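Heads up, the thing below is written out as structure tokens.
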Amino acid sequence: MTLRIASFGVRGFVGVSLTPRVAMDFAGAFAAHLGGGRVLLGRDTRGSSAMLHAASLSSLVAAGCEVLDLGICPTPLLQYSVRPRAAAGALSISGGHNAMGWNSLTFIGPDGEFLDPNGGEAVLDRYHAGAFLSADWAHVGTVQPVTNFSSSYFDALAEWLDVAAIRAAKLTVLIDPVGGSGCAFLEEFAQRLGVRLLPINAQPSAYLAREPEPRPRSARQMAGIISQLGGDAGFLLSSDMTRLSLVSETGEPASEEFTFAVIANHVLGRHTGTVVTNTCTTRMIDDIAAKHDARLVKTCVGQAYIVSALLDEQGVLGGEGSGSAVLPDFSRAFDGFLMIGLVLEAMAQHGKKLSELLGALPRYHIVKRQIRCDSRHGYRALDFLQAQLRARPDAGTLDQTDGLRMDWPDGWVHARASRTEQLVRVISEAQTREIAMQRADEIERLIEQEI
Amino acid sequence: MKESLKVGVSGVRGVVGESFTPQLAATFAQAFGAFVGRGPVVIGRDTRPSGIMLEQAVIAGLQSVGCTPVLLGIVPTPTLLVATKALGARGGIAITASHNAAEWNALKFVNRAGLFLDETRAGELYDLYHQGEFPLVPEAELPGLTTEHGAFARHMERITNYVDVAAIRARHFKVAVDCVNGVGAVFTPAWLRDALGCEVVALHDQPSGIFARGPEPVPENLGQLGQLVRRHGCALGFAHDPDGDRLALLDEYGQPLGEDFTLALAAWQVLERHAPGPVVTTVSTSLCVDAVAKKFGQDVIRTKIGEINVVEKILQLGAPVGGEGSGGVIVPAVHPCRCAYIAMALVLELLATHQRPVSLLCGEIPHYHIAKTKVPIVADTAPELLRRLRRRFEERGAHISLLDGVHANFGDRWVNVRRSNTEPVLRVTAEAATTAEANTLVRTALEDLRG
């Protein structure tokens, strides 16, 4: 329940670690970092987002910012809008994929990307020092509500995608935005792409109708009805529209690891280039990159790291196994609308069903575990685990970009302390389910032994 | 140290850009929410540029402790008081520094009866604030927010039900009104036109919160309005303060009557046409009010300075009218609070019934003259000096009140000596039928102080 802070944002549990005061201090630090100026503000539909929105707005105005208030707005749409509106930055308030009770503030820079995690800790320094801006009474900021921000975004998206092909395919899609910030934009999106929309959990809601992480477990409702409804593809999203998982027309929920894989296979097939992902994403990506002769760069977990590396490496595509993708030539955001569009485009251009696109990918078995332990113990346990794994006679290649990863020819394991919860997350992927399970069991045992 | 924050019986007042931050406002709102309990809390503000910043901070603070903000937006302070009671809210917060300079703003706290907190209740609130621990509610219990648009109209309905609107409308009065770029700029010209059938010449009627004249409706700030009255041949002039509780009048020659005459004329109309009973006002109000009360065989009851003190005495005695000499008229049948709108309605009704110009009506009320000075004192000698004065005044047959310093009433004249709240001085004020007599009272008091 603690407050997790990073150079690009702060996440906490509402009423415990994330209070109006904390939001005001961080928004104040961010505004001071920007030196005032024009700032976009957007939020999702969570019960606490309105309160944090009011708190942030107050601080931005106190610092003298000209606030363009987009109200309820998907995070990728907010990020996209920064450049066309010539803003100094944006502040996003969203619970994202986190469970009810969590919320976060994310700081977005002048080009629409999360503040660079490698670019110093200017906002944090200001937060810790309490070094905010206080405009005098005649120069306090202003607030201007903005309501018509989506059409120029969808114009750009429609230009980017092969809408003619998608339209011609006459697709029926099920979209479940978990009552979050995407709800109000689904109709417009579907109209632009010329697909028939069947929305699920698409009334804006302060509560979560299902687990907010898009993955097979959250897909039960959709998987049960998609074939009866004649749906060609099903899409589950997080409340902020940054993560996506897929359900095939046969009612088969795909692991969230397949989202980036389907997109990478499609995008690189057209135009190859450097791809960025994190160190705990499925090996499908390694295989797909190899197939398309693409260079693969691996970073720490998180949108901020992926986008930063994409810019460093002049990559064409980034994404993560948790169900995200970014095309830096379109925007600097993990973008649920773009991802859905790319999946539909892949289906339409290749004349394939979603189940066929999924079936064509190299298949691995992935096991994900969560081990409860507080951060202190978690870090110690990871040290212990590293020593144990290194000492094994069959030790593979070790990578410590983010947490701990060991690769063998037939699979890999990854263990990392969660940034949001008191957990160690373990991922084990292998060519067979038995090996994956067996390695996950072993890691779990070693960690539990140490804590 | 430059004074920039005052926490007292009239609320929390501070200079924007210095001590009055979003964080401070949110914390006071949390304390107030904890003080009144979960439920609706009404929020209104004046036109100051910092109003939006404090409003948003107050929203976040209230929601965090489980109170539902009910937003009135920009409204006169009396409208907020009326609405708090009418809506059955737990309480209200008025965001206004009233007649203070533009760099100041304030939070003023209102109980469920629509009255400002008295000294005891305010003390309890500040005690909660200083304890600093508020029961923050979890996300699932966070309330939303409601917006209320009809508050001003419902307030005005109470006023137009009280006075004889037909009589006023029949006269088609031409009036000039100086809105000082405050809340009056939003409401007053239209209300005078539509509800009371006046022809209106408006001055400073942009609700910018950048006050184009001194914010107090005192004669030295009303030169422009006087010119307007003369140029357009108006029957009278109305001068607002920024939040619509105080009102000053100008006669048909554009001469300011002095703010005490607002209460005098309003009391005249109430006692003559509406209801008998005593008139309640503060120790510093002019004797012209006594003269009016005497005309109708009524007493004047004096209280300590401060709106809430007058209101409590009015309610206790069941008085039909009261107020402050600074232009604040209170008619409890409408709502027990100072209100510029009931004052305007009563004065117009008086003119309509008597069919005589305002200068002639004023001519029927004896005019008194005020003399003032201040005397530097050595710190801590004030109590002994005031005790000595009290004995001297008693020896001369004065009726003594200790509500504010020493107040000596000689029937047709009075003298008041009190400590300043802001400087190491004693303030001496006297009122009598002639300037010479008032000066004599002051001179005598100075001699008494010397020994």
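Read the figures in this text as sums done on the coordinates, not as results from a lab. Fair warning: this is a prediction, and the values are worked out from it, not measured in the lab. As a convention, Cβ positions derive from the backbone with ideal geometry for all residues, glycine included, and neighbour counts pool all protein chains shown.
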Just the number, please: percent antiparallel of the DSSP beta bridges in chain B, rounded to the nearest 5.
60 percent
Other-chain or far-sequence residues with amide H under 5 Å of A:ILE72's (modelled H)
A:ARG43
What translational D, rounded to a whole number of µm²/s, comes out for the stretch A:313-429 from Stokes-Einstein when the hydrodynamic radius is the Kirkwood one over Cα pairs, at 4 °C and 1.567 mPa s?
76 µm²/s
Using only the alpha-carbon atoms of the stretch B:5-149 as identical scatterers, what base-10 log of I(q)/I(0) does the Debye formula give at q = 0.16 Å⁻¹?
-0.74
Within 10 Å of each Cβ in A:39-47, the average number of Cβ atoms from other chains:
1
Provide the per-residue ³J(HN,Hα) series for the stretch A:112-117, in order, calculated from phi with Karplus coefficients 6.51, -1.76, 1.60 and θ = phi - 60°, each as a whole number of Hz, with x at glycine and proline positions.
x, 9, 4, 4, 5, x
Please grab the % of Cα pairs in the protein assembly as shown that end up more than 51 Å from each other.
34 percent
Of all alpha-carbon pairs in the stretch B:154-363, indicate the percentage at a distance above 27 angstrom.
23 percent
Measure of compaction for the stretch B:369-450 (Cα Rg per 2.2 N^0.38 Å)
1.00
Antiparallel %, DSSP beta bridges [both residues in the protein assembly as shown], to 5
60 percent
If packing is taken as the average count of other Cβ atoms within 10 Å, what order do B:6-19, B:29-42, B:347-360 fall into, highest mean first?
B:29-42, B:6-19, B:347-360
Here the Kirkwood hydrodynamic radius of chain A, Cα-based and in Å, equals 22.4 Å
Hz values of 3J(HN,Hα) by residue in the stretch A:10-25 - Karplus curve (6.51, -1.76, 1.60), Gly and Pro given as x:
9, 10, x, 9, 4, x, 10, 9, 10, 10, x, 4, 5, 4, 5, 5
Taking chain A and dividing mean pair separation by its residue count, relative contact order in percent (alpha carbons under 8 Å, at least six apart)
13 percent
For B:47-55, what's the mean count of beta carbons from other chains sitting within 10 Å of each residue's beta carbon?
6
Cα-based Rg of the stretch A:365-450 normalised by 2.2 N^0.38 Å, two decimals:
0.99
Over the stretch A:278-355, what lengths in whole Å, largest first, do the semi-axes of the equivalent ellipsoid take, defined as the square roots of 5 times the eigenvalues of the alpha-carbon gyration tensor?
21, 15, 12
Where Rh is the Kirkwood radius over the Cα pairs of the stretch A:4-147, the temperature 37 °C and the viscosity 0.692 mPa s, what D in µm²/s does Stokes-Einstein return?
225 µm²/s
Any idea what the relative contact order of the stretch B:5-149 is, in percent, if you count C-alpha pairs under 8 Å spaced at least 6 apart?
31 percent
One would report the antiparallel percent of DSSP beta bridges in the stretch A:4-147, rounded to the nearest 5, as 45 percent
Lysines whose Cα lies under 17 Å from that of A:LYS353, excluding same-chain neighbours fewer than 8 positions away
A:LYS170
Evaluate the relative contact order of the stretch B:241-357 (contact order divided by residue number), counting alpha-carbon pairs under 8 angstrom at least 6 apart; express in whole percent.
31 percent
For the stretch B:341-396, what are the per-bin percents of Cα-Cα distances with bins 5 Å wide, up to the bin holding the maximum?
4, 12, 13, 12, 11, 7, 6, 9, 15, 9, 3
Counting other beta carbons within 10 Å of each residue's own, what order do A:MET24, A:MET347, A:MET100 fall into, fewest first?
A:MET100, A:MET347, A:MET24
For the stretch A:151-359, how big is Rg over Rh, using alpha carbon atoms and the Kirkwood form of Rh?
0.94
At a 10 angstrom cut-off on C-beta neighbours, averaged per residue, how do the peptides A:141-151, A:332-342, B:253-263 rank from highest to lowest?
A:332-342, B:253-263, A:141-151
Could you let me know the centre-to-centre spacing of the stretch A:95-156 and the stretch B:232-274, using Cα atoms, in angstrom?
49 Å
Filter B:LYS6/B:LYS304; B:LYS85/B:LYS313; B:LYS108/B:LYS174; B:LYS6/B:LYS313; B:LYS85/B:LYS108; B:LYS85/B:LYS295 down to the pairs with a C-alpha to C-alpha distance above 23 Å, please.
B:LYS108/B:LYS174; B:LYS6/B:LYS313; B:LYS85/B:LYS295
Let me make sure I get this right: for the stretch B:399-443, a, b and c are the square roots of the gyration tensor eigenvalues over alpha carbons, sorted descending. Under 1.5 in a/c it's rounded, otherwise prolate if a/b > b/c, else oblate. Which is it?
oblate
Enumerate the lysines that A:LYS298 could reach by cross-link, defined here as Cα to Cα under 25 Å, with residues fewer than 8 away along the same chain left out.
A:LYS368
How many angstrom lie between the Cα centre of the stretch B:290-363 and the Cα centre of the stretch A:390-451?
81 Å
What residues qualify as long-range amide H neighbours of A:VAL276, i.e. H under 5 Å apart, gap of 5 or more or another chain, H built at 1.01 Å from N?
A:VAL297, A:LEU317, A:GLY318, A:GLY319
Once you order the gyration tensor axes a ≥ b ≥ c over the Cα atoms, which shape class does chain B get: rounded for a/c under 1.5, otherwise prolate or oblate by comparing a/b with b/c?
oblate
Let me know the mean shielding of B:24-30 by other chains, meaning the per-residue number of their Cβ atoms within 10 Å of its Cβ.
3
Amide H neighbours of B:GLY327 at under 5 Å, excluding residues fewer than 5 places away on the same chain, with H built from the backbone geometry, are B:LEU263
FRET efficiency, 1/(1 + (r/R0)^6) with R0 30 Å, evaluated for B:HIS354 and B:ASP194 via beta carbons
0.80
Using a 10 Å cut-off on Cβ atoms, rank the peptides A:311-324, B:278-291, B:371-384, B:186-199 from the highest mean neighbour count down.
B:278-291, A:311-324, B:186-199, B:371-384
May I ask for the distance between the Cα centers of the stretch B:36-107 and the stretch A:209-248, given as a whole number of Å?
43 Å
